[in-house]
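Here the structure is laid out as structure tokens; the discussion comes afterwards.
All of the numbers you see were taken from the coordinates with simple rules; none came from a lab. Model, not experiment: these values are computed from the prediction. As a convention, Cβ positions derive from the backbone with ideal geometry for all residues, glycine included, and neighbour counts pool all protein chains shown.
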Amino acid sequence: MKNDNFMQRNKIALMKAITQEIDNRKLKQQEVADLLEIKQPRVSDLINEKYQKFSLDILVGYMAILGTQIEFNHEEGSKRGIKTKVIKRQQSE
């Protein structure tokens, strides 16, 4: 149960970082879908943080496609799970 809660928080943190990058680039959902090679409804699920529909691997892959680098930190004994931090963004074209 604890691991599920950690996983949920970490997925949501990644989804927020991805959504922030989408907003920063002022991309439309169809543009994001084309870039990530997914269908538009999947982009909607991503933006609406439907974390159950995504694995961490997929979310990390999306961040790589967007040129966003992240840093993962876990503090021993932490009850908050892994902290994620966007540390570098690719320049928007």
Sequence-distant residues sharing a close amide H with Glu49 (under 5 Å, placed H): none
Pro41: net charge of surrounding residues, Cβ under 11 Å, Lys/Arg +1, Asp/Glu -1, itself excluded? +3
In what sequence do Lys26, Lys53 fall when counting other Cβ within 10 Å, fewest first? Lys26, Lys53
Among Glu37, Glu71, Glu21, Glu49, which comes first, then next, by fewest other beta-carbon atoms within 10 Å? Glu37, Glu71, Glu49, Glu21
Quick one: what are the phi-derived ³J(HN,Hα) couplings along segment 20-36, Karplus 6.51/-1.76/1.60 with θ = phi - 60°, whole Hz, x for glycine and proline? 4, 5, 4, 5, 4, 8, 6, 8, 7, 4, 5, 5, 5, 4, 5, 5, 8
